[in-house]
Structure formats: C-alpha cells, structure tokens
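Heads up, the thing below is written out as structure tokens.
The values are calculated or read from the model by the stated rules, or taken from the named source; none is laboratory data. Computed from a prediction, not measured in an experiment: that's the story for all the values here. As a convention, Cβ positions derive from the backbone with ideal geometry for all residues, glycine included, and neighbour counts pool all protein chains shown. For accessibility, only protein heavy atoms count, side chains too; no ligands or nucleic acids. Shrake-Rupley method; radii C 1.70, N 1.55, O 1.52, S 1.80 Å.
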Amino acid sequence: ASISPIPTGPFDLKVTATSVAVPSLFNDVIDRLLTISNLKLQLTPDNSGQISPGGTVVYAHTLTNTGNTQCTDTFTFNVTPNPAANGWSYTLYKDSDGNGVIDANDTVIPMGSPYDINGAATTPFAVNAEFKLLLKVFAPANATPPTVDIAKIVANGTCNGTATASSPVVDTTTVIIGQVRLVKTQALDQNCDGLKNGDDTDFTATQITAKPGECIRYKIE
C-alpha cells in the first residue's frame, strides 16, 4: 500500500534489545520521535509547438507542491538559455484564471528574481497547491525554418526551511513558413454527454484531472 502525500509525523519509534539468555536482567529500550520530510515541487508539462518568423507561441505550465510539507509562497523562476539565443526572447506570466492564454489580468513574472505567487507573503504554498504560469516565446523576424528553440524552466522555492528546486520542463519550438498550428483544449464533462452543462468547466489548454468514471471533452482546432 502507498500513502500520498507521505505524512510528516511525528512517529513514535521504539527499539528494544533483550538478552535471549536472561531477558529479565539484560534489556534496553531506545525511544525516538521520527519526522519524515518529503520536499518535492513538480512543474508540468513539457510542450512543443510551431512558430512563424516574427511570431509568438504560448505554453501553459502548472507548478504543484507534491511533497508533504508546505513551502513559502516566494519562488524564483529561471528560463534557460537566458538571454535567449539569436534574437529569441521569453516572457513568463502568472496565469491568473488558469485558462492557458494571456489575458489582461495576467502579470509578468520577473525571471531570476524572487516572486510572490500568492501576492501575500504570509500565505504558504500548501501541500497539493497549484500555481499556473505561461511562457511566451518570441521568434525573431529573421528566424529560418527548421530552426528549433529549446527553453527549459525551473522553479526554485523554500519548503520546510530547505531550498527546493522543481523538476524542469522543456518547451520546444520549431520555425516554419506558412504556419498551421494544432491546438488541443479540454474540459470536464460531468454528465458524460458531450455537451457543456451547468457544472462543466470551460475549455482550457492547461492540464486537467478526472477521476475514474468521469469524462473529459476535447476540442481540436
């Protein structure tokens, strides 16, 4: 059996040593409290896309606290290469509504500098908490096909007082002429009828989850 997330404890660990020959005279006990600290930040998913010279493409990502201890809400996001090579550029955004596109309320995340993801220093990044972010990739006007740009993102935070880095994600962008882009979005379908009903979510490019037996609608454009 497995437990997720791993509980922190404390757990009472007792070890007893007893003599086989004379157990009543020769024995000793060590009693300790054991605390398990599992520090883990997960950044998902890897993406790939196409771009025309002078164009842009946006990739959606989710940062999740998959450990068993809370983190502070101040993170540093690093995108490499930095600066981007050969006229390419990157901009990170907080995806305020989690819809996978850049809206008026989405704010720029300064790369390489501390950033308060909750907007309040006293609010922790709790276990299983999620933070949505977007990477906007810009290709220079002189980019030629089939040039490939690879951007890697890592989130660095502090969990239970310890510096913790997320798993990296990689966004791969290929330059093409005569751009045709395939976009897949998804939404929860509570009634499993293929229609949007009252409790169904809107289509989004970000990753969503469903339990066994639940349904998801997909839209491909």
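A simple rule links phi to the HN-Hα coupling: the Karplus curve 6.51 cos²θ - 1.76 cosθ + 1.60 with θ = phi - 60°, which for the range 43-52 gives 10, 9, x, 6, 10, 9, x, 10, 8, 8 Hz, with x for Gly and Pro. Above 20 Å, the calculated P(r) of the range 70-221 contains 61 percent of its Cα-Cα pairs. When the square roots of the Cα gyration tensor eigenvalues are ordered a ≥ b ≥ c, the ratio a/c for the range 112-170 is 1.5 or more and a/b exceeds b/c, which makes its shape prolate. Peptide packing for 136-143, 100-107, 182-189 was compared via the average number of neighbouring C-beta atoms within 10 Å per residue; ordered from the highest value, the list is 136-143, 182-189, 100-107.
Per residue, the chain exposes an accessible area of 58 Å² to a 1.4 Å probe, with every protein chain left in place. If you look for lysine pairs in the chain that are eight or more places apart or on different chains, how many of them have Cα atoms under 13 Å apart? Total qualifying Lys-Lys pairs in the chain comes to 5.
Using C-alpha pairs below 8 Å separated by at least 6 residues, the relative contact order for the chain is 23 percent. Between ILE30 and THR158, the simple label model (points 7 Å from Cα in the Cβ direction) yields a spacing of 3.3 nm.
Which one, HIS61, GLN42, GLY178, is farthest towards the positive end of the dipole of the chain when Lys and Arg carry +1 and Asp and Glu -1 on their Cβ? My answer, from the dipole projection, is GLY178.
What residues from the range 134-177 fall in the zone where the backbone N is under 11 Å from a label point 7 Å along the Cα-to-C-beta line of ILE102? It comes to 134-139, nothing else.
For ILE216, the amide hydrogen comes within under 5 Å of the amide hydrogens of ASP189, counting only partners 5 or more places away or on other chains and with H modelled in the peptide plane. Here the accessible area of the range 111-221 is 54 percent carbon and sulfur, with a 1.4 angstrom probe and all protein chains present.
In the elastic network of the chain, a GNM with C-alpha springs shorter than 10 Å, the most mobile of THR91, THR147, THR172 is THR147.
Within the chain, antiparallel bridges make up roughly 90 percent of the DSSP beta bridges whose residues both belong there. Based on Cα contacts under 8 Å between residues 6+ apart, the range 66-175 shows a relative contact order of 37 percent.
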